[in-house]
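Visitor: Provided herewith is a single structure, encoded as structure tokens, for subsequent inquiry.
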Amino acid sequence: MTQKAKFILGALAVLGLLIALAGAGSSFEDVRRVGLQTGVASLLLMTLAVVGVAAIWVGLVSWLSPAGVWRGRVFRSFLLTWPARYVPGTLPYHAGRVMAAEASGSTRAVVVAAIAYEAILQVGAAALLGVLGIVIAVGVEESASSVYFIALAPLITLPVLLQPTVLLPTANFFLRLAKRQVLRPANVLTAGQTARTLLGYASAYVLNGVAFYLILAAMAETNPNLVLTVGAYSLAGAAGVLVLFVPSGMGVREAVIVAIMSTAMPAESVLLAAGLTRALSVIGDLVPLCLIALYEAAGRTIRLLTRLDSPATSDTP
């Protein structure tokens, strides 16, 4: 990744941090009601979810790269591009990973394929977790009365399309029509790899949902239902991913959360908690990037001090 690209991503990260701080500062009373301990716990959960998603990305690229990759570089490039999701269209987020493909030992074609897997499995995991959570919490009949539930529930079938027995014949049919090279089993994830990736994304959504639950429980007068809260947050995450030209689903996710949770809790409390969670999630997105910057700055400083402390050498005639 070029220095110019790093500078742009750094500027976006600082902008995102300022937006997050402004959002949190605008609800100072609500932040005080949540408490420092709850806020830090929620932030840690959301940061852990980001690291988990980065680890899943490393797995996707590794599985799809037969020659192997430098996993550390794949992990680093993912975290460097992650804040670019807040740019409308999320194009810099995807383009940054594609541009960094060769530097990590992979290819652009592999990274594009991994992005496709990522998008489908993220939406599928969020929808599956959301549907299960809402149905368990409120029952089938009440769930069916939600427009968002009915619209997003079919997304749980998306991971089935990625199974090799379905994907290979379907994709190769269209590739043959286009007179292009067909896919081989080595070019796609196995059923086990797809299932592990789906489970990984579901786990990340659980972490984010629990973080939202902690904030909502601290702000609301009544205790929220944990299963319903995680389900609503996950289903809202699926809706946010689908709206491509909204930066990181801003506004869309919050609207779906309020629509689902307001049937069990005051809408005002849910909206305030969703807004504060969004602010903290932006900070959580930036924490790994800041840690990378500090680590690399410390490494450069140590190398510089080592050179300065080393005895001067001169060439002998």
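The values are calculated or read from the model by the stated rules, or taken from the named source; none is laboratory data. None of these values were measured; they are calculated from a predicted model. No Cβ is skipped: glycine too gets one built from the backbone with ideal geometry, and neighbour counts run over all protein chains shown.
Visitor: If Ala202 passes every condition in (1) more than 26 Å from Leu64 (Cα to Cα); (2) of a type in the set (A, V, I, L, M); (3) at pLDDT 90 or above but one, which one does it miss?
Guide: Here Ala202 meets the rest and fails (1).
Visitor: When region 33-50 is examined, which residues are found to be crowded, with 19+ Cβ neighbours inside 10 Å and either of a type in the set (S, T, N, Q) or closer than 29 Å to Leu189 by Cα (or both)?
Guide: Residues satisfying the conditions are Ser42, Leu45, Met46, Thr47, Ala49, Val50.
Visitor: Taking the stated definitions as given, is Val110 at pLDDT 85 or above and assigned to a helix (DSSP H, G or I)?
Guide: Criteria met by Val110.
Visitor: If I filter region 284-295 down to residues being more than 16 Å from Tyr213 (Cβ to Cβ) and buried (at least 20 other Cβ atoms within 10 Å of the Cβ), which single residue comes out as nearest to the chain's Cα centre (by Cα)?
Guide: Selected residue: Asp285.
Visitor: Please state which of the following conditions Leu228 fails to meet, knowing it meets all the rest: (1) more than 21 Å from Leu48 (Cα to Cα); (2) modelled with pLDDT of 85 or more; (3) touching a Lys or Arg at 6+ places or on another chain (Cβ under 7 Å).
Guide: Only one criterion in (1) more than 21 Å from Leu48 (Cα to Cα); (2) modelled with pLDDT of 85 or more; (3) touching a Lys or Arg at 6+ places or on another chain (Cβ under 7 Å) is unmet by Leu228, namely (3).
Visitor: Ala103: in a helix (DSSP H, G or I), surrounded by fewer than 23 Cβ atoms within 10 Å (Cβ to Cβ) and over 21 Å from the mean Cα position of the chain (by Cα), yes or no?
Guide: Yes, satisfied.
Visitor: Every residue in region 213-225 that is touching a Pro at 6+ places or on another chain (Cβ under 9 Å) and at pLDDT 90 or above, please.
Guide: Passing the criteria: Tyr213, Leu216, Ala217.
Residues are listed down the side, and each one gets a yes or a no for (1) of a type in the set (Gly, Ala, Ser); (2) surrounded by 15 or more Cβ atoms within 10 Å (Cβ to Cβ); (3) without any contact (Cβ under 8 Å) to a residue 24 or more places away in the chain; (4) out of contact with any Leu (no Cβ under 8 Å at 6 or more places or on another chain):
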position	(1), (2), (3), (4)
Ala54	yes, yes, no, no
Val61	no, yes, no, yes
Leu64	no, yes, no, no
Ala67	yes, no, no, yes
Phe75	no, yes, yes, yes
Phe78	no, yes, no, yes
Thr81	no, yes, no, no
Pro88	no, no, no, yes
Gly96	yes, yes, no, no
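Visitor: Moving on. Just to be sure I understand the filter: pairs with C-beta atoms under 8 Å, separated by 6 or more residues or on different chains, first member in region 196-220 and touching a residue at least 40 places away in the same chain (Cβ under 8 Å), second member assigned to a helix (DSSP H, G or I) and of a type in the set (D, E, K, R). Which pairs pass?
Guide: As it stands, the answer is Ala218/Arg33; Met219/Asp30; Met219/Arg33, since those pairs meet every condition given.
Visitor: Restricting to region 162-187, name every residue that is in contact (Cβ under 8 Å) with a residue 40 or more places away in the chain and touching a helix residue (DSSP H, G or I) at 6+ places or on another chain (Cβ under 6 Å).
Guide: Of everything in region 162-187, just one residue is in contact (Cβ under 8 Å) with a residue 40 or more places away in the chain and touching a helix residue (DSSP H, G or I) at 6+ places or on another chain (Cβ under 6 Å), namely Leu162.
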